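Asker: Structure provided below as structure tokens; questions to follow.
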Amino acid sequence: MAETAKEIDRDKLLDIYTRTMKVNRTDEKFRELLMQGKVAVMYYCVRGQELVSAAAMAALEDDDYVVCTYRGQGEQTAKGIPIKKWWGECLGKATGTCKGKGGTMHITDPDTGIMVTTGVVGSGIPIANGLAMASQNNGDGRVTLVSFGDGAANIGGFHEAMNMAQLYKLPVVFLCQNNRYGEHTAFADHTDSPNIGERAAGYGMKGITVDGNDVNQIYPAMEEAVAHARRGKGPVLVEAMCYRMMGHFFGSDFSYMPEEHLAEMKAEDPLPKLRKVMLERQFTEEELDKIVADIDAEIDEAVQHALDAPLPDTDEIYKDVLEETA
Amino acid sequence: MAEEIRIPKLGMSATEVTLSEWMFGEGEQVAKGDIIYTAETDKTTVEIEAQASGAIHPTGEEGTKYKVGDVIGTIG
């Protein structure tokens, strides 16, 4: 685990807290709507991984690129995607980021740098190389961050992309959110090495394995990785150790998770730990509660906006599919 | 205003869900977060939590298959 001596700047810490709670409150609201049966779509819960997404997005610039997976709510909302458009897309409405034609698993909003969300495990990793190569060629100074899980680290595309990115010193950060489960399979049942981060050495790449439940560990690691990539030193593989505190998707049973694992997760829950850090840094309970209340009000308004919005017109089905030529 | 209890979507291919068991009877008080019923698809059994507090009025029959979105009771 990376050790850090430098204290996170207080404004940055508040920024990370706000992004973390935005991710968490969105997740809670989504599960509530699904549980009520008001919304019937696929949703991959991010409970337990909020801080990793928030810290990663807080380390990026607004115009940096992000590629994420179907469990991408954290990156999307923490990066700053317009929340009404986000809910619109999730509910399949014309007001969505992709006019309601992509849904939860294909959220894309280039204006905020959410370049693509993929539904196939690991498929975003080589795509990130393409975006990073474009930035390198254009000299635009952008960094591309791609998020994926521990299960994705065993597909062929992962290895090909790692090798290529290092060879060409691409400005990309590979963020492996090791939540200990590849869909329904425990880490130890699909991988024999103790971690993913040390694989970086095999490509001659910089690798970091870090505690994703501790803001004082994860944020400095993300900041270091992004700075390394931006300076032209090449890619970095960051493995953030975290927990997925729910099943693979909403509605999936997670009785296969052993009791001791559930207890371990609860003890390491990043949210109470982050709150404790905030209080230690002299933020008040009232300030922190106010942030959450403001986020909740914004989410409620966005959800209502999406529920009231129209479905896309049927003639939209052939639009945005093929390039229109004269 | 009474909160409707609707059958949730429990997975990509789930269109029908069996209401297995109610945990509370007619008029009993439930709190948000209480497990109010269990539901079963061809793949999984899931405990469903109340999303509101108040008196529960179950109308759905145990052991019956419902379509996603069907109303099976109210709270409040």
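The values are calculated or read from the model by the stated rules, or taken from the named source; none is laboratory data. Fair warning: this is a prediction, and the values are worked out from it, not measured in the lab. Glycine also receives a Cβ, built like all others from the backbone with ideal geometry; neighbour counts cover every protein chain displayed. The protein model used for the area step is the full one, side chains on, heavy atoms only, and it has no ligands, DNA or RNA in it. Shrake-Rupley method; radii C 1.70, N 1.55, O 1.52, S 1.80 Å.
Asker: Could you tell me how far the Cα centroid of segment A:133-207 sits from the Cα centroid of segment B:1-31, in Å?
Answerer: 41 Å
Asker: Determine the relative contact order of chain A: mean sequence separation of Cα pairs under 8 Å and six or more apart, normalised by residue count, in whole percent.
Answerer: Reported as a whole number, the value is 22 percent.
Asker: For chain A, with a Gaussian network of springs between Cα atoms less than 10 Å apart, report the residue from A:D315, A:D64, A:D294 with the top mean-square fluctuation.
Answerer: A:D315
Asker: Could you tell me which chymotrypsin sites (Phe, Trp or Tyr not before Pro) in segment A:194-258 are loop residues by DSSP with no more than 14 other beta carbons within 10 angstrom of their beta carbon?
Answerer: Numbers: sites: A:Y203, A:Y243, A:F249, A:F250, A:F254, A:Y256; in loops: A:Y243, A:F249, A:F250, A:F254, A:Y256.
When the chymotrypsin sites (Phe, Trp or Tyr not before Pro) of segment A:194-258 are filtered for loop state and at most 14 Cβ neighbours within 10 Å, A:Y256 remain.
Asker: If you don't mind, another one. Determine the dipole magnitude for segment B:3-75: charges of +1 sit on the beta-carbon of Lys and Arg, -1 on that of Asp and Glu, nothing else is charged, the reference point is the Cα centre, and the result goes in debye to the nearest 20.
Answerer: On the way: 6 positive and 14 negative charges, 62 e Å.
Dipole size: approximately 300 debye.
Asker: What number, in percent, do you get for the relative contact order of chain B if the mean sequence gap of Cα pairs under 8 Å and at least 6 apart is divided by its residue count?
Answerer: 42 percent
Asker: Report the equivalent ellipsoid semi-axes for segment B:3-75 in whole Å, largest first, defined as the square roots of five times the eigenvalues of the gyration tensor built from alpha carbon atoms.
Answerer: Equivalent-ellipsoid dimensions as semi-axes: 20, 11, 11 Å.
Asker: At a probe size of 1.4 Å, how large is the accessible area of A:K319, to the nearest 10 Å²?
Answerer: 90 Å²
Asker: Using protein heavy atoms only (no ligands, DNA or RNA), what is the total accessible area buried between A and B, 1.4 Å probe, nearest 100 Å²?
Answerer: Chains A and B together bury roughly 1300 Å² of accessible area.
Asker: While we're looking at this one, here's another question. Going Cα to Cα from B:K65, which lysines come in below 22 Å? Please leave out same-chain ones fewer than 8 positions away.
Answerer: Filter leaves A:K38, B:K9, B:K43.
Asker: While we're on this one: In terms of the ratio Rg/(2.2 N^0.38 Å) built on C-alpha atoms, what value belongs to segment A:226-275?
Answerer: Segment A:226-275 yields a ratio of 1.68.
Asker: Using a probe of 1.4 angstrom, how much of the accessible area of the protein assembly as shown is carbon and sulfur, in percent? Each step should come with its number before you reach the end.
Answerer: Working: 9080 of 17800 Å².
For the protein assembly as shown, the apolar C and S fraction of the accessible surface comes to 51 percent.
Asker: Loop only per DSSP, at most 14 neighbouring Cβ atoms within 10 Å: give me the trypsin sites (Lys or Arg not before Pro) in segment A:184-235, ordered by residue number.
Answerer: When the trypsin sites (Lys or Arg not before Pro) of segment A:184-235 are filtered for loop state and at most 14 Cβ neighbours within 10 Å, A:R231, A:K233 remain.
Asker: Calculate for chain A the 222 nm mean residue ellipticity that helices alone would give, adding -39,500 (n - 2.57) per DSSP H run of length 4 or more and normalising by residue count, nearest 500 deg cm²/dmol. Intermediate values should be presented prior to the final figure.
Answerer: Details: 11 runs with 142 residues, N = 326.
The per-residue figure over chain A is -14000 deg cm²/dmol.
Asker: Then there's this: In terms of modelled amide H atoms, which long-range or inter-chain residues lie less than 5 Å from the amide H of B:T74?
Answerer: Result for B:T74 returns B:I5, B:H57, B:T59.
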